[in-house]
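Computed from the coordinates by the stated procedures, all read-outs in this text should not be read as laboratory data. What you see is a predicted model, and the numbers here were worked out from it, not measured in a lab. We place every Cβ from the backbone using ideal geometry, glycine too, and count neighbours over all the protein chains shown.
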Amino acid sequence: MANYQMLIEGKWEDGAASVQVLNPANEQVLATVPAASAADADRAIAAAAKAQKPWSRLTGVERGNILRRWAALVDQNKPHLAEVLSQEEGKPLPEALGEIDFGRSWLSYYAEFDRRIEGDIIAADKPNEQLWIVPQPVGVVVGIIPWNYPSALTLRKAAPALIAGNALVLKPHEDTPLSALELAKLAEEAGVPPGVFSVITGAGEVVGEALVKNPIPRLITFTGSVETGKHISRVAADTVKVVSLEMGGKAPFIVMDDADLESAVKTAVFARFFNCGQTCICNERTYVHKRIADKFLTRFLEEVAKLKIGNPLDSGVTLGPKVNLPELVKVERYVEEAREGGAEILVGGKRPGGDVFKSGYWYEPTVITNVRQDMKIMQEEVFGPVIPIMEFSDFDEGLTLANDSTYGLAAYLFTNDMNRILRAVRDMEVGELYINRGPGESIHGFHGGWKQSGVGGDDGKYGLEEYLQRKTVYIRYQG
Ligand code: NAD
């Protein structure tokens, strides 16, 4: 068992108390981390404010070089980082290795903006005047992240924040703080100055709350649940901060009768069950055209039967445990309510038996039919290895069902009909649309939710804008 410290003002510290981090596959204690206080949070912010100005006065290339060194260190330490991640979150090792690569790619990508953050010189309305619009860092940024991608999300926030000249105080989730702490060690080694990147661990209601309340930060970039996001938004309003919210989803997966069935089946299974169904863009509800529904279901069940549930570090495993007990119980509750409402559980619907699964937070891959659109399982984010499948009659109905949600993060469509594709591009109420392909964002795209899935977004040049503010300068000269 390791005892981790947190990083504040470039110093590794214990807190007044500590909390345990459990391995969700066996409930053994992996490590302890500090349970920081509100006062620790305020100190981290004060240190960030002190460090931010000198950091912003480095040239973009100097900051970019530090990000490039950090990226190289992430690469060199990939096996260790992936193992820590897999053990604290429960994802199979190959997925953890993929996540490390994904996270590293933001460091490399945003390092390229070292010479590319640009302002404007625009025509002045008055004679002998210059009018400039100058990009500047927002100052101190607070990043608050969930447990499902604790490594990638650390770097998704850190890379754009730092290249833009900000200082970042990051608070990882209480269940998965180790990945961020490991990355902070590498940041230090890469030369990120003290205070420019801090990682503070502890309870959301204590540390997170204090970070959001503190008047100094100008941007809160949050990834997590809608409930917490709404709360953060309200608290941040008191000090008029910019709030960027990346929240939950209920992605529909529509399969039309002209789709490539094999590809649709395999993609639908992957899109539901990767990371044990715990991804914001997961296939949360599958709609299949009635003409192909029987064939689709038969093949879907065959593919689900191939999933291998087990220890995330074992080779060949494709499905790990849920991250914690409340999350497991939540999934059980959704399935029970659906069953009581008349749904049919075709496979799964319970915790697996056997010695391997005696401890840990396991749930069998579960396929449910006979569902209605008004059921909770079709409306609320389940975030587990459970897929409800429903038939529909025509494309219009498919679109209506897909848009019938308070969420608007992602959607999937399988069809070869160009008219339907273009209508989906026009009419789907989501921030991310996958057509004839599975999940997975590109670093230079834009990842943001519509409706109650979010405000603002991450990645690419649009994501970077959130970490900048613009100053308009009017200059009069004589001559
Ligand atoms: P959560 O909202 O419970 O926790 C997220 C973070 O908020 C944690 O670090 C937590 O400690 C902190 N927090 C809790 N209370 C707080 C408070 N009062 N003030 C400040 N911070 C507080 O979410 P979760 O269960 O960790 O994550 C799962 C959710 O995240 C799902 O809904 C998922 O869809 C969403 N998610 C969204 C994206 C996206 O990009 N849209 C990506 C990953 C996860």
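With all pairs of different C-alpha atoms in the average, the Kirkwood value for the hydrodynamic radius of the stretch 286-363 is 14.5 Å. Taking only the Cα atoms of the stretch 251-442, the radius of gyration and Dmax are 16.0, 52 Å. Cβ-to-Cβ counts within 10 Å put I220, I200, I345 in ascending order as I345, I220, I200, the fewest first. Seen against the Cα atoms of the chain and their longest principal axis, helix 60-76 is set at about 40 degrees. Please give the helix 78-89 orientation as an angle from the longest Cα principal axis of the chain, in degrees from 0 to 90, rounded to the nearest 10. It is inclined by approximately 60 degrees.
Can you classify the stretch 340-479 as rounded, prolate or oblate using the Cα gyration tensor, where a ≥ b ≥ c are the square roots of its eigenvalues, rounded means a/c under 1.5, and otherwise it's prolate if a/b beats b/c and oblate if not? Prolate, because a/c is 1.5 or more and a/b exceeds b/c.
Taking every alpha-carbon pair under 8 Å whose residues sit at least 6 apart, the chain reaches a relative contact order of 18 percent.
Simple point charges give the picture: +1 on the Cβ of Lys and Arg, -1 on the Cβ of Asp and Glu, and for the stretch 251-442 a dipole about the Cα centre of about 500 debye.
Here the label points at T472 and T239, each 7 Å from Cα along the C-beta direction, are separated by 2.8 nm in the simple model.
The phi torsions of the stretch 128-142, fed into the Karplus equation with coefficients 6.51, -1.76 and 1.60 and a -60° offset, translate into couplings of 6, 10, 10, 10, 10, 10, 9, x, 9, x, 6, x, 9, 10, 10 Hz, rounded to whole numbers, with Gly and Pro shown as x. Considering only G445, P326, I421, and ranking their Cα positions along the charge dipole of the chain that arises from unit charges at the beta-carbon of Lys, Arg, Asp and Glu, the one farthest toward the positive end is G445.
Each label point was placed 7 Å from the Cα along the Cα-to-Cβ direction; for K11 and D258 their separation is 6.7 nm. Each of I145, I45, L307 was placed along the dipole of the chain (beta-carbon charges, centred on the mean Cα), and the one lying farthest toward the positive end is I45. Expressed in nm to one decimal, what extension gain is obtained for the pair Q76 and Q28 from 0.36 nm per residue of sequence separation less their Cα-Cα distance? Contour length minus Cα-Cα distance gives 14.5 nm. If one takes the longest principal axis of the Cα atoms in the chain, at what angle in degrees, from 0 to 90 and to the nearest 10, does the Cα axis of helix 325-340 lie? Approximately 40 degrees, to the nearest 10. Taken about its Cα centre, the chain carries a charge dipole of roughly 1140 debye when the Cβ of each Lys and Arg holds +1 and the Cβ of each Asp and Glu holds -1. Measuring nothing but alpha carbons in the stretch 183-301 and taking Rh as the Kirkwood radius, the Rg to Rh ratio lands at 1.18.
Simple spin-label estimate for K376 and N128 gives 7.2 nm between the two label positions (7 Å along the Cα-to-Cβ direction from each Cα). Divide the volume of the convex hull around the Cα atoms of the stretch 255-297 by the residue count and you get 63 Å³ per residue.
Sorting R476, R272 from the fewest to the most surrounding beta carbons within 10 angstrom yields R476, R272.
So for the stretch 96-185, considering every pair of alpha-carbon atoms, how many percent are separated by more than 23 Å? When all Cα pairs of the stretch 96-185 are counted, 37 percent exceed 23 Å. Over all distinct Cα-Cα pairs of the chain, the Kirkwood formula returns a hydrodynamic radius of 23.3 Å. Averaging Cα coordinates gives a centre for the stretch 33-69 and one for the stretch 362-406; these two points are 43 Å apart. Listed from fewest to most Cβ neighbours within 10 Å, the set V255, V240 follows the order V240, V255. Just to confirm my numbers, what's the Cα centroid distance between the stretch 271-297 and the stretch 447-479 in Å? Computed from Cα coordinates, the inter-centre distance equals 35 Å.
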